[in-house]
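J.: Before I ask anything, here is the structure I am working with.
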Amino acid sequence: MHAKDLIQAYYDAFNAGDMAAFLDLLTDDVAHDINQGERQVGKAAFADFMAHMNRCYRERLEELVVLVHPSGERAAAEFVVHGDYLATDEGLPEARGQHYVLPAGAFFTLRDGKVARISNYYNLNDWLAQVGATPP
């Protein structure tokens, strides 16, 4: 699969809520850099992260733009997150079903037709303001 098609499939699976297809696009040793957080390694850790996210948030990613390095080994994506904050996430404000719209981006390392690293970035202070919290 071409790198751009891989990233498109990754986000298509995410938007469809098809976690089996989503996780199938990852290497077993995938590295996941969480926005303003730690690096987690492994498909099982990523699956646990996604289970937590799907409990706390309902998100759809729109306006996707994918850029691929000519080598096909790296890619970047820019998109807009349209989400609802469903259940209070530990250390964050109380969830009351708040809706948010948030520009975001991600960087990828690709290997053997799968995602080997993903690093997500968004403005946490913007999200906090949208869900009714005072940013630090």
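J.: Looking only at region 72-130, where both bridge partners belong to it, what percent of the DSSP beta bridges are antiparallel (to the nearest 5)? Could you put the intermediate results ahead of the total?
T.: Details: 19 of 19 bridges.
The antiparallel fraction comes to roughly 100 percent.
J.: A further question on this structure: Per-residue HN-Hα couplings for region 35-46, Karplus 6.51 cos²θ - 1.76 cosθ + 1.60 at θ = phi - 60°, whole Hz, x for Gly and Pro?
T.: Running phi through 6.51 cos²θ - 1.76 cosθ + 1.60 with θ = phi - 60° gives 3, 6, x, 8, 9, 10, 10, x, 5, 5, 5, 5 Hz.
J.: Compute the Kirkwood hydrodynamic radius of the chain, taking the inverse of the mean of 1/r over all pairs of distinct Cα atoms, and give it in Å to one decimal.
T.: 15.4 Å
J.: What is the packing order of peptides 33-40, 59-66, 100-107, taking the mean over residues of other C-beta atoms within 10 Å and listing the highest first?
T.: For the peptides 33-40, 59-66, 100-107, the packing ranking is 100-107, 59-66, 33-40.
J.: Express the relative contact order of region 1-54 as a whole percentage, based on alpha carbon pairs under 8 Å and six or more residues apart in sequence.
T.: Contact order relative to length: 22 percent.
J.: Explain nothing, just the number: relative contact order of the chain, from Cα pairs under 8 Å at least 6 residues apart, as a whole percent.
T.: 24 percent
J.: Can you give the calculated 222 nm mean residue ellipticity of the chain, where each DSSP H run of n ≥ 4 adds -39,500 (n - 2.57) and the sum is split over every residue, rounded to the nearest 500 deg cm²/dmol? Walk me through the intermediate numbers first.
T.: Values: 4 runs with 41 residues, N = 136.
Calculated mean residue ellipticity at 222 nm is -9000 deg cm²/dmol.
J.: Also, I was wondering about something else. Where the centre of each part is set by its Cα atoms, how far does region 1-55 sit from region 94-126, in angstrom?
T.: 10 Å
J.: So, one more: Counting only protein heavy atoms and a 1.4 Å probe, tell me what percentage of the chain's accessible area is made up of carbon and sulfur. Walk me through the numbers on the way to the answer.
T.: Values: 3820 of 7400 Å².
Here it works out to 52 percent.
J.: Stretch D112-R39 to full length: gain in nm at 0.36 nm per residue minus the Cα-Cα span? List each step's numbers first, then the result.
T.: Working: separation 73, 0.36 × 73 = 26.28 nm, distance 2.14 nm.
Result for the pair: 24.1 nm of gain on full extension.
The values are calculated or read from the model by the stated rules, or taken from the named source; none is laboratory data. As the structure is a computational prediction, the values presented were derived from the model and not from experiment. Reconstructed Cβ throughout: ideal geometry from the backbone, glycine too, with neighbour counts over all protein chains shown. The protein model used for the area step is the full one, side chains on, heavy atoms only, and it has no ligands, DNA or RNA in it. Shrake-Rupley method; radii C 1.70, N 1.55, O 1.52, S 1.80 Å.
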